[in-house]
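Worksheet: one structure, shown below.
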């Protein structure tokens, strides 16, 4: 038996108090991830080098819509350094198919082949894989490929795709419509509009965007003879889903595929779907029995990766004379590009928008039609916020417009309409758990008022300058469990999470999670939760994630689910392990286990803290001297727990307030002030939450003012470098002040709500509203993003947005 | 090194009166010997002249702390110091770096096992100046080079320099604050 | 995004460089800082068979004012060297040049990019090219037939096209006279981007009044251009606003994804006026 303190496990003293009020939860604990990332010792996919490793690149379609007549790779094989080249015919893989359980025409199933077979549907679609000794030779090989196409007229916009005589992207999808669903239609809504004092309408369009993780997609695959497994190391947010698709496409038992995720340089949703290239890379490695690496280059990442956000809303709202909203009638069309993404399908954007559009407001009547339209562009994946940046912008524009038309203050009209009594079940059938909608709005507005921005706006107007103040008040559903996802009717229903907590003989703990951190700091925050639950130092807890052989099952990280769902599973598992420790200690003392409690690194007798047994001693019993355990306690110290959400999830909320000034000479929008009042329940690590807010806001501003994926009339992408795809820098992104409110989640095991997406959701609406406020003297209102300086400059001279 | 063609002077140090120039077109792999000084150590690499510095650092020298984000000089993930100045390692060929002192992120930390964080690295950590960490080595080297040249930099100047690189996670504020606090602490240390 | 194969040649001196250029012909490309060239090669938009590295020609890395008061900038002088030059090397009379460096990309680009490389690359929006045209600079070039001097106004023939012969090397930029009342400004969606429109002015100020000046624009034509119509307004005692309006009226800027022709004209009107205001405030 060992005596004295052991490394990483503190002595007795402070009782463990899990959740808020614990030793670590609620504190900005320095990140476990940082030391390796700061010293260049992280290991990202492209850092992996295996003996004999080959390098892959893809021959990609040069036409947006065409029939492949011939693929000639003869010359490719002649290129020095090229080892192999395969077409779809060579690899004979099954297609990637994402399904909704909805009848046509609500949903039309379409298949995405791993490599294009007979048709190409966007510029950049992979047609063949070239494998070479190094990445340079692989690219030489691409130049030698000859692919001939019969070019067809592409459809490059949703409007063109819906036109009566439009060419079809998929023959099976009439009118190029992949999803057409009306989730809600309140009886009598037409009468509500007919009788309303005021009906306002907005027609908004948001530009196509790239989630743009700074680390592009990539994979290293090799066959492990000893394990009889295809090992795919890839930067994915959803390792188990990649395993499922890889096994199905390659017709392997799922056991024969192991997906391992190294450090990951961001994802933001783009890596939450299964890509074709990682499957093709795995297939090539299997075929060649040699390691193959594929690293997407930036040109491909900008033109041929998964994109998002190109949506058109035509929405009306009815108000009474006091500014109370009476109804919303929305038509939502999402340009999903050429394919349905796995596992979410092309329904991801329209279904999110349709279900949640009423947002934080008490909307008595609601009708919505949501459509996903196929076009000859790179396909769409979820991107941080998924439709919420768009519909929040729409709803917030509706309130601003109504305020203007009714002569009300924009903050006051929101105050009259936000949900204040919780739980609240909306017209959309969703029950909202408690939040601080009104409180966040009031605090945000008061902050700007107290800082004198309203006076400055008046003074500026007198000087002929253009200052504007804008808000966005919104909520974000997080912690989608199986029940909430099932309402989407996906054939694959994400939601639960499983965690295993295991203590070794030294008393140190290993935790698994099915979530997959890629910047969100789970190695720190999950460890905070476990350390508090078991009374350990954070250094004694190590998180394992992203390995399908080590993690029972997981749904990965997306939809701000990790801390609410994954963090709850982690805490429950730790709690179970704690109970086992107490039972073993209780047996030694011959007392009921209920009369014990967990202290710091040890179990003590309730009411007599001096009587204790340290974890190492208990672990010693559990593993090395198990013959001393009572009959009803199994040897070993591990516990598994699952967590799922059986209601509508939990809603984080926030209000963003923005002050902008418009430059009359150039149309430049300068953000002078940005205030965010957010409420994500219990913040496990406030610094991490603030980081998520600020990073999200930067991406939201990017969508509002800078970034857009564009195509010419032939479907050729025209923003294929960072010169044209304008990611904002520290020069464009302002400082952001964050205020926290805390309305704990009642059903997550930690009180936490999701915090990953809110920043991105609020920023476009707040910025757009501020710009429109600054333009108020001109009579022009802008409803499209990204707002270019040219559009703003035109508006300053009283000219409306150019026709769509 | 079957493809090496040294007689043809591929690594030609060509002066007015030197060897004949090989003006034939490049067919197949073209190799040359390159000597690089990285983090105080000298390395010899036989490679194609078309290899960028960042690819040599990462894949030949296995210094994978320097990252590749765009290969056209905009994102700055590959920023290293060349004779003390921040440069894009994707915008130069390794051959161009011969004779220069190169520093990568691996040189910043201290201690016997290199795990003792420098003041700059500690500032990034305490300000949450990194999330996914992919852009971080580039920002660290950018800041290291800039602060060495301009220790008195104001926060506004730091923000302007931080605008050289792209970060998709942080919104930049925590990076600016980390560098600013590191600069302030260094100045304070100087005064003492 | 890996470049196509090439052969790498390192020049030791000017004569060697020009000899290499002569022998390798059109398949060769000179590389100095390479901040534009390497990016284009990574995209395989440029694929020279031979690369001639002139970075070792240290005699081309210099900066200073000569006895005639002209500023001489060696072709290999980096933007960063100019930006950080001590006042004794680059005085207030050429502050416009120092200030213009801040518009070129970002710090890690400016530490490698060179004045000569920028001029020889001849991007229509490049700051050095615009400065040269606005300030009546001359370029010294060296070739097998000896040295010659080319006026900035005769040098730029089109986008990425100059009066340099294929075997000639740019060695020096000469700004012939002090420009204490000059300024350059520009506009782009993001700081550090290629400008949509850039404007430079060099005003003749006597006492408190402007007697005339030079006005030049980038991003409005295939090459940077002087705008005589705007200069006439200045010479005639017109206001900065009138000068700027004349500049906007005089040119036919392109219409593309970065900005419509009419927006570019609006930008010209703004930027010329702001450049004039900045110039007299020095």
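None of the figures in this text is laboratory data; all of them are computed from the coordinates on show. Please read these numbers as outputs of a predicted model, since none were measured by experiment. Here the Cβ is made from the backbone with ideal geometry for all residues, glycine too, and neighbour counts use every protein chain on show.
Below is a table of values for the structure above.
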{"quantity": "Between segment A:598-649 and segment A:768-804, the alpha-carbon center distance in angstrom", "calculated": "63"}
{"quantity": "Most mobile of C:219, C:192, C:207 in a GNM of chain C (Cα contacts under 10 Å)", "calculated": "C:207"}
{"quantity": "Helix B:173-191 axis, angle to chain B major axis (alpha carbon atoms, nearest 10°)", "calculated": "80"}
{"quantity": "Between helix C:261-280 and chain C: long-axis angle, C-alpha atoms, 0 to 90°, nearest 10", "calculated": "80"}
{"quantity": "Nearest-ten-degree value, helix C:14-24 long axis tilted from longest Cα axis of chain C", "calculated": "70"}
{"quantity": "Candidates B:62, B:125, B:85, ranked by Gaussian network fluctuation over chain B, Cα under 10 Å, top entry", "calculated": "B:62"}
{"quantity": "Alpha-carbon centroids, segment A:313-373 and segment A:386-436: separation in whole Å", "calculated": "13"}
{"quantity": "Rounded Å value of the spacing that divides the Cα centres of segment A:531-556 and segment C:38-115", "calculated": "53"}
{"quantity": "Contact order relative to length of chain C, as percent, for alpha carbon pairs under 8 angstrom and 6 or more apart", "calculated": "15"}
{"quantity": "Fewest-first sequence of B:107, B:115 by Cβ atoms within 10 Å of each Cβ", "calculated": "B:115, B:107"}
{"quantity": "Fewest-first ranking of C:278, B:191, using other Cβ atoms within 10 Å as the exposure measure", "calculated": "B:191, C:278"}
{"quantity": "Over chain A, relative contact order from alpha-carbon pairs under 8 Å, at least 6 apart, %", "calculated": "17"}
{"quantity": "C:171, A:760 arranged by Cβ crowding within 10 Å, fewest neighbours leading", "calculated": "C:171, A:760"}
